[in-house]
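The structure appears right after this line, and notes come after that.
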Amino acid sequence: MRTLYIIMLHHLFRSFFVMYYPFLTQTPVFLCKDPDNPGQYIDCYENNGGCADKMLSPNSPNSLVVDLGFYCEKAYVRTVASMLFFAGGNIGAAVVASLSDNRGRKYAMATSYFFTAVFTVLLGAASIGPLTYCLFLMLTWAGSFFYCSISLTYLVEVSGLINNFLPAYNYFIIDEKFGKNGTLTVLLSIVASEIILVAIAYLINSWRIVMIFCIGVPYLLTVFSFRYLFETPA
């Protein structure tokens, strides 16, 4: 059962990274003059006059996009980041797949978790300055590079553990029962990650704290759990 709990924790933390991305890229809410009442202000957005005065509303979200100013004339940074996010994931999947075949899947996943944690913490600590754009784009690419490789290698590792190792250690009486419980564990971790992350995102009004302490640090601690997992055959 210990191995199943470790797998559940891996999937729990693994889901945090990709599910929190929409919170990071929330666009700002501006204040615009009410056309029906010029003395009053109403909430507006980039596409309906918000970029004219760029007056942020109290209802504007605390996100990376708002904090680092990636909106209006700098909105192109978001487009480039999205492109690099998917490009990094595709390249990372190919590179780390080769690494897992040559050095082992445990090594590949532990390495990916470690660098994802490092780049997540760096992104959370990024400050506004001349190198902000380059740093943000680089960390977006690198984070996706290692995160997507985790997803790919993780599925192979879990499949190998279920089909080759754990039944032999009598964690369950028959393989079919183990497979059902293993699947249930992974599904429960998905549900738990969604509930916990939504609560964190709304209770902690700082994307930097979430990135560093709720995603980066748990990813770093996850690296140490790989010593308790079996290596699967190539």
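The values are calculated or read from the model by the stated rules, or taken from the named source; none is laboratory data. Computed from a predicted structure; not experimentally measured. When we count neighbours, we look across all protein chains shown, and the Cβ atoms used for this are built from the backbone with ideal geometry, even at glycine.
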Is there a residue in the range 6-13 that is more than 24 Å from Tyr202 (Cβ to Cβ), among the hydrophobic types (A, V, I, L, M, F, W, C) and in contact with a helix residue (DSSP H, G or I) (Cβ under 7 Å, 6 or more places away or on another chain)? yes
Against the conditions (1) assigned to a helix (DSSP H, G or I); (2) modelled with pLDDT of 60 or more, where does Asn181 fall short? Just the number, please. (2)
Taking the condition part of a loop (DSSP other than H, G, I, E, B), touching a helix residue (DSSP H, G or I) at 6+ places or on another chain (Cβ under 6 Å) and not aromatic (Phe, Trp, Tyr), does Pro28 pass? yes
With (1) modelled with pLDDT under 90; (2) within 21 Å of the chain's Cα centre (by Cα) as the list, and Pro35 as the residue in question, which single condition is left unmet? (2)
Can you say whether Phe30 is free of Cβ contacts under 8 Å to residues at least 60 places away in the same chain and crowded, with 17+ Cβ neighbours inside 10 Å, as far as the supplied structure shows? yes
Hey, does the range 34-57 have a residue that's within 24 Å of Glu194 (Cα to Cα) and among the hydroxyl-bearing types (Ser, Thr, Tyr)? no
Apart from one, (1) in contact (Cβ under 8 Å) with a residue 40 or more places away in the chain; (2) in a loop (DSSP other than H, G, I, E, B) all hold for His11; the odd one out is (2)
